[in-house]
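Comments concern the structure below.
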Amino acid sequence: MTASGMTATGMLRVTLVKRMFGRAPNHLACVRGLGLRRMHHTVEVVDTPQNRGMINKVSYLLNWEEVK
């Protein structure tokens, strides 16, 4: 990790592992904003403070890892 908290490669792999049904509307917006559509869907997003914030907000719904 660099001083700004971002990885050297700059990518994160994010997977939705819990259902979005019955969640708060702003949490649904974060999941959609990350590009996730359904359970077990995996996307790679750029490691930015904005994406890290969305991942942090809905971390109870996700698994994520830094891409090497």
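With runs of 4+ DSSP H residues as the only contributors, calculate the mean residue ellipticity of the chain at 222 nm using -39,500 (n - 2.57) per run, divided by the residue total and rounded to the nearest 500.
Roughly -7500 deg cm²/dmol at 222 nm, from the helical runs in the chain.
Under a 5 Å amide H to amide H cut-off, with H placed in plane at 1.01 Å, what residues pair with MET11 once short-range neighbours are removed?
The list, which skips near neighbours in sequence, is ASP47, VAL67.
Restricting to Cα pairs below 8 Å that are 6+ residues apart, what does the relative contact order work out to for segment 11-66? Please round to a whole percent.
With pairs under 8 Å counted, the relative contact order is 56 percent.
Percent of Cα-Cα pairs more than 14 Å apart in the chain, please.
Value for the chain (Cα pairs over 14 Å): 53 percent.
Say each of HIS27 and THR42 gets a label point 7 Å from the Cα, pointing the same way as Cα to Cβ; how far apart are those two points in nm?
The answer from the label model is 2.4 nm.
Determine the sum of side-chain charges near LYS57: Lys and Arg each +1, Asp and Glu each -1, restricted to other residues whose C-beta is under 13 angstrom from that of LYS57.
That works out to +3.
Enumerate the calculated ³J(HN,Hα) couplings along segment 35-51 in order (Karplus 6.51 cos²θ - 1.76 cosθ + 1.60, θ = phi - 60°), each rounded to whole Hz, writing x wherever the residue is Gly or Pro.
x, 8, 10, 8, 4, 6, 7, 10, 9, 10, 10, 5, 7, 10, x, 5, 5
Here, each number is a calculation from the coordinates, and none is a lab measurement. The structure displayed is predicted, hence computed values, not measured ones. Note: ideal-geometry Cβ built from the backbone for every residue, glycine included; neighbour counts use all protein chains shown.
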